[in-house]
Amino acid sequence: MLAKNIAHQAILAGHSVLFTTAAELLLDLNGQETARALERRFRHYLRPQLLLIDEIGYLSYDAHAADLLFQIVSRRYETKALLITTNLPFKQWTRSFPTPPAPSR
């Protein structure tokens, strides 16, 4: 509810806002059949001044889904606002995101 109130205040202040759940976002991005279509969807999520992604950590993600989510976060980094919600403490995010491979020696 707090995130929705922040989004509402952003709208009242004249900012563009897009609200989506992590599941909807990843389903949308995974559904793109070509690299061009995927890039177009990335631009859709990069356009609003505030992107609110709800329920991160609610479901487990495979490596491809985690990569797609990372691309959204990294493309918005230091350019536009991103607000994410989760019910998990950061230490438990490994339950939802695959563990990266151990570095080779």
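The values are calculated or read from the model by the stated rules, or taken from the named source; none is laboratory data. Fair warning: this is a prediction, and the values are worked out from it, not measured in the lab. Note that we place each Cβ from the backbone using ideal geometry, even for glycine, and neighbour counts take in every protein chain shown. Remember, those area values only see protein heavy atoms, side chains included, never the ligands or the DNA or RNA. Shrake-Rupley method; radii C 1.70, N 1.55, O 1.52, S 1.80 Å.
Quick notes on this structure:
- Counted without the sites themselves, the longest stretch of the chain free of GluC sites (Glu not before Pro) in a DSSP loop having at most 11 other beta carbon atoms within 10 Å is 34-77.
- Accessible area of Ser74 in the full protein assembly, 1.4 Å probe (Å², nearest 10): 50 Å²
- Magnitude of the charge dipole for the chain, about its Cα centre and with charges confined to Cβ atoms of Lys, Arg (+1) and Asp, Glu (-1), is about 280 debye.
- Listed residues Leu25, Leu51, Leu88, most fluctuating in the chain (Gaussian network, C-alpha, under 10 Å): Leu88
- Structure remark: mean-square fluctuation, Gaussian network model of the chain, C-alpha springs under 10 Å; the largest value among Phe19, Phe70, Phe42 belongs to Phe70.
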